[in-house]
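Undergrad: This is the structure I want to talk about, given as structure tokens.
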Amino acid sequence: MTATPDLLHRLNINTAIARRMLTGFVRDQIDKAGLKRAVIGLSGGIDSALSAYLSAEALGAENVLAVRMPYRTSSQSSLDDAQLVIEALGIPSLDVPITEMADPLIERFPDMSAIRKGNIMARLRMVVLYDQSATWGGLVMGTSNKTEFLLGYSTIYGDSGVALQPIADLYKAQVRQLAAALDIPKSILDKAPSADLWEGQTDEGELGFTYNDVDQVLYLLVDERYTVEEVIDEGFARAFVESVWRRVKANHYKRTMPNIAKLSRRSIGHDFLYLRDWTGR
């Protein structure tokens, strides 16, 4: 199931161009909202670190508020890595523990699964970020990458509940490339990806496959528009490819705004689709 070197190189990006485009995107989106600032949930992982670095470069360090929101099972190493980012960038920060918010609901249902608990934590963090958005006067910055988005590996109205997504068109392999180019701390670059929702959790352990493998399959299916059979012909196991494609299709609803029933001539999400520069109007 491991990708061949011929496939691996297809995910290589020009990090200088990507950096310029993404910082430009952040500046443009914040400006169009009539704001100057951003709020970001900083977990200590590579995705939120990269989003923080890009935001600080785009807006100025003083205009990016990093919020750490640990639960009682969150690892100390994640908090320490988040602090490394805060100190390296010189951005203002705030700690808002969520244990006392989450536990009353979790304790109400003693048989609650780890996934349900994780969803509660993710949605509480969204609440905290939007509260800080209101008082700080900044948009909530997303931290999801393209691999997670396509697989639906996110909590709807949790970590996906943001105002803009600077790195959601970068596969995990590309996130690593750009993070390395921006000199993000090595401890963050080298650590196993984890949402840190419960002790010992890792993304790859929960997903059941590696980012390295799934990035290659997603790239072929989505960017290159390969059929499932064509991806299998590249040397990937049929069961793996079919499972990945099922996940992409099943989780489409997480990547779109809620569907609106069409009644009028110009319904939002059906006919009223295009982006428009509303500045100056």
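Undergrad: Hey, could you check segment 38-67 for residues that are of a type in the set (Gly, Ala, Ser) and assigned to a loop (DSSP other than H, G, I, E, B) and say which is nearest to residue 158 (Cα to Cα)?
TA: Only one residue tops the list, namely 43.
Undergrad: If I ask for residues that are loosely packed, with under 14 Cβ neighbours inside 10 Å and either part of a helix (DSSP H, G or I) or within 22 Å of the chain's Cα centre (by Cα) (or both), which ones from segment 222-241 would you list?
TA: 223, 229, 230, 233, 238, 239
Undergrad: Might you let me know whether segment 223-245 holds any residue that is among the charged types (D, E, K, R), farther than 17 Å from residue 173 by Cβ and at pLDDT below 70?
TA: no
Undergrad: Still on this structure, I have one more. Just the residues that are of a type in the set (A, V, I, L, M) and under 14 Å from residue 19 (Cα atoms), please, taken from segment 50-82.
TA: 50, 52, 54, 56, 58, 59
Undergrad: Additional query: Can you pull out every residue in segment 68-84 that is part of a helix (DSSP H, G or I) and closer than 16 Å to residue 129 by Cβ?
TA: Within segment 68-84, just 82 meets the criteria.
Undergrad: What tally of residues in segment 171-221 results from selecting those that are at pLDDT below 75, acidic (Asp, Glu) and either within 17 Å of residue 74 (Cα to Cα) or not in a helix (DSSP H, G or I) (or both)?
TA: Looking only at that region, the number is 4.
Undergrad: Those residues that are in contact (Cβ under 8 Å) with a residue 60 or more places away in the chain and surrounded by fewer than 18 Cβ atoms within 10 Å (Cβ to Cβ), I need them from segment 146-169; list them, please.
TA: Scanning segment 146-169 gives a single hit, 156.
Undergrad: Follow-up question, since we're still on this one. Which of the residues belonging to segment 68-78 are modelled with pLDDT of 95 or more and in contact with a Lys or Arg (Cβ under 8 Å, 6 or more places away or on another chain)?
TA: Hit for segment 68-78 is 69, nothing else.
Undergrad: Select from segment 70-85 the residues that are buried (at least 18 other Cβ atoms within 10 Å of the Cβ) and without any contact (Cβ under 8 Å) to a residue 60 or more places away in the chain and write down the one among them that is nearest to the chain's Cα centre (by Cα).
TA: 82
Undergrad: On the given criteria, is residue 23 more than 30 Å from residue 239 (Cβ to Cβ) and not in a helix (DSSP H, G or I)?
TA: Taking the combined requirement at face value, the residue does not satisfy it.
Undergrad: Give 38, 49, 33 a once-over and let me know the one that is surrounded by 24 or more Cβ atoms within 10 Å (Cβ to Cβ), closer than 15 Å to residue 140 by Cβ and touching a residue at least 24 places away in the same chain (Cβ under 8 Å).
TA: Criteria check complete, one pass: 38.
Undergrad: How many residues are more than 12 Å from residue 69 (Cβ to Cβ) and in a helix (DSSP H, G or I) if we restrict to segment 131-162?
TA: 10
Undergrad: Quick one: is residue 28 charged (D, E, K, R), over 20 Å from residue 185 (Cα atoms) and at pLDDT 95 or above?
TA: Considered against the rule, which asks whether it is charged (D, E, K, R), over 20 Å from residue 185 (Cα atoms) and at pLDDT 95 or above, residue 28 comes out as yes.
Undergrad: Take residue 159 and decide whether it is among the charged types (D, E, K, R), at pLDDT 95 or above and closer than 27 Å to residue 24 by Cα.
TA: no
The values are calculated or read from the model by the stated rules, or taken from the named source; none is laboratory data. Please read these numbers as outputs of a predicted model, since none were measured by experiment. Note: ideal-geometry Cβ built from the backbone for every residue, glycine included; neighbour counts use all protein chains shown.
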